[in-house]
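Enquirer: There's a structure below that I have some questions on.
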Amino acid sequence: GWTPEQVDAVTREVVLEVWLGPGTFEQQLDGQPVFDERERSHMADVRGVVLGFYAAVLLGLATLLVAGLGARGSPWFWRAVGTGAKLLAVGAIAVGVAFFLLFDTAFTLFHQLFFADGTWTFDPATDRLVQLFPYQFWTETSVAIAIVGLVLTTGVWAVAQRLAGPRGGPRVPDGALASGG
């Protein structure tokens, strides 16, 4: 019974809160809570998964920065970065295809991995969370995330290839990976 404008405003608030916080999910419409306690709890868990993703990205970037400084921009370092980016691109393609072709299975597996049993199943007839964020939203979002991941990893691969120089360039120096090398 909500207008499209109300649905848009509430869903925008929820998505922003997932990505930026605070993670309470206490949206209201006409003075009434949008979500019940169980839905708010699940969304707080979703926010935790997003924070875990942020932490993994920051750890990866820090590791890359430290390794890059240690390697002093050597071609072998950039070739390794390029190889890692190619592997991530293959992973993004695999995840995108899985979510595109086998969405129900992939969605269930994702939730089984990241959420406690019984905390992520909702009834579309009664629960606003799945009414506001239906099946189509998640299929499109999953594919979009995979595409963004593919674009980013392809960009990193291209930059790394350029910085590595020609394929016949210097290899990993003997002892470079050994302690003090």
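Enquirer: Considering only protein heavy atoms and a 1.4 Å probe, what is the carbon-and-sulfur percentage of the accessible area of the chain?
Expert: Carbon and sulfur: 68 percent of the exposed surface of the chain.
Enquirer: Something else now. What value, in deg cm²/dmol to 500, does the helix sum -39500 (n - 2.57) over DSSP H runs of n ≥ 4 give at 222 nm once divided by the residues of the chain?
Expert: -24000 deg cm²/dmol
Enquirer: For the Cα atoms of the chain, what angle does the longest principal axis make with the long axis of helix 37-71, in degrees from 0 to 90, nearest 10?
Expert: 10
Enquirer: Within the chain, which is the longest segment that contains none of the trypsin sites (Lys or Arg not before Pro) sitting in a DSSP loop with at most 11 other Cβ atoms within 10 Å?
Expert: In the chain, the maximal stretch lacking such sites is 73-166.
Enquirer: Quick one, can you get me the convex hull of the C-alpha atoms of the stretch 48-129 expressed as volume per residue in Å³?
Expert: In the stretch 48-129, the Cα hull volume divided by residue count equals 112 Å³.
Enquirer: Follow-up. Students often get this wrong, so try it: which of (1) 21.5, 70; (2) 14.6, 41; (3) 17.4, 73 is Rg and Dmax of the Cα atoms in Å as calculated from the structure shown?
Expert: (1)
Enquirer: Could you tell me the accessible area of Val159 in Å² (1.4 Å probe, neighbours in place), rounded to the nearest ten?
Expert: Estimated to the nearest 10 Å², Val159 gives 80 Å².
Enquirer: I would also like to ask the following. Give me the accessible area per residue for the stretch 1-69, probe 1.4 Å, as a whole number in Å².
Expert: Here the per-residue accessible area is 64 Å².
Enquirer: In a GNM of the chain with a 10 Å cut-off on Cα contacts, which of Gln131, Gln161, Gln32 has the highest mean-square fluctuation?
Expert: Fluctuation is largest for Gln32.
The values are calculated or read from the model by the stated rules, or taken from the named source; none is laboratory data. All figures in this text were calculated on a predicted structure; none of them were measured in a lab. Ideal geometry is used to build each Cβ from the backbone, glycine not excepted, and the neighbour counts take in all protein chains shown. Areas reflect the complete protein model, heavy atoms only, side chains present, ligands, DNA and RNA absent. Shrake-Rupley method; radii C 1.70, N 1.55, O 1.52, S 1.80 Å.
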